[in-house]
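Single-structure report; data block below.
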Amino acid sequence: MPGWTAFDWSLAFCWTFVVAGLLRSFFFIRSMLTGAPSVPSSPAAVEAMCALADLGPGKTVYDLGSGAGRLLFAAAALGARAVGLELDPFKVVESRLLAWASPDRERITVLWRDFRTADFAEADVVFVYLTAGKMAGLLDLLKGRLKPGALVVSNSFVFPGLKPERTDEANKIYTYRAPLQTRLPKG
């Protein structure tokens, strides 16, 4: 800009980082409060989740809280169409850039969206990695919104009152088949 000194530019540069840091902190705190902290799935968990989901061409996968997109890239590499729903705009930008550079980019979509308002009608598989306290709410959210036969694959946490269809105990991965029906306690 005309008339700007080196000091003006350095001040603008510093303020840009301050504002970006504050925004990043806001989205980090927000993720902690919503029960979806930004903790990436381990490579072993990603491999186990994809294996239990039996992914391949013709399948559509939704990753709720997709973060940087590890599960999306793994699913797309297996031929599945992968849709990531992420609330943190910084993670959306990161995963979109990574998807753009991916050889499987045609099969990867990353949306800046709260999964609580999303439509899962076309999902064959839904990946989740929420905290234990949020799984009951997620179960209520998914009931009736998944097509019959859709598979929910959970990393580390189980749905309360539901018995997993399949389990990988070594990696703490649990699968559930729609329709999701809670079992009432006996007695």
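Brief remarks follow.
- Residues of region 29-57 that are under 21 Å from Leu142 (Cα atoms), assigned to a loop (DSSP other than H, G, I, E, B) and modelled with pLDDT of 95 or more: Asp54, Leu55.
- Residue count, region 58-93 (criterion: more than 14 Å from Val46 (Cβ to Cβ) and in a strand (DSSP E or B)): 7
- Selection count where residues are among the basic types (Lys, Arg) and under 9 Å from Leu180 (Cα atoms), scope region 135-165: 1
- Within region 126-157, the set of residues being touching a helix residue (DSSP H, G or I) at 6+ places or on another chain (Cβ under 7 Å) and part of a loop (DSSP other than H, G, I, E, B) comprises Leu130, Phe157.
- Which numbered condition Leu162 fails, given (1) part of a loop (DSSP other than H, G, I, E, B); (2) touching a residue at least 24 places away in the same chain (Cβ under 8 Å); (3) surrounded by 13 or more Cβ atoms within 10 Å (Cβ to Cβ); (4) in contact with a Lys or Arg (Cβ under 9 Å, 6 or more places away or on another chain): (2)
- A single entry from Leu72, Leu64 fulfils the requirement of being in the same structural domain as Thr117 (by TED's automatic domain parsing), in contact (Cβ under 8 Å) with a residue 40 or more places away in the chain and not polar (S, T, N, Q): Leu64.
- Within region 75-98, tally of residues that are surrounded by fewer than 23 Cβ atoms within 10 Å (Cβ to Cβ) and at pLDDT 95 or above: 11
- Any hit, region 99-108, residues being assigned to a helix (DSSP H, G or I) and modelled with pLDDT under 95: no
The values are calculated or read from the model by the stated rules, or taken from the named source; none is laboratory data. Owing to the predicted nature of the structure, the values given are computational and were not obtained by experimental measurement. Please note: Cβ atoms are built from the backbone with ideal geometry, for glycine as well, and neighbour counts cover all protein chains shown.
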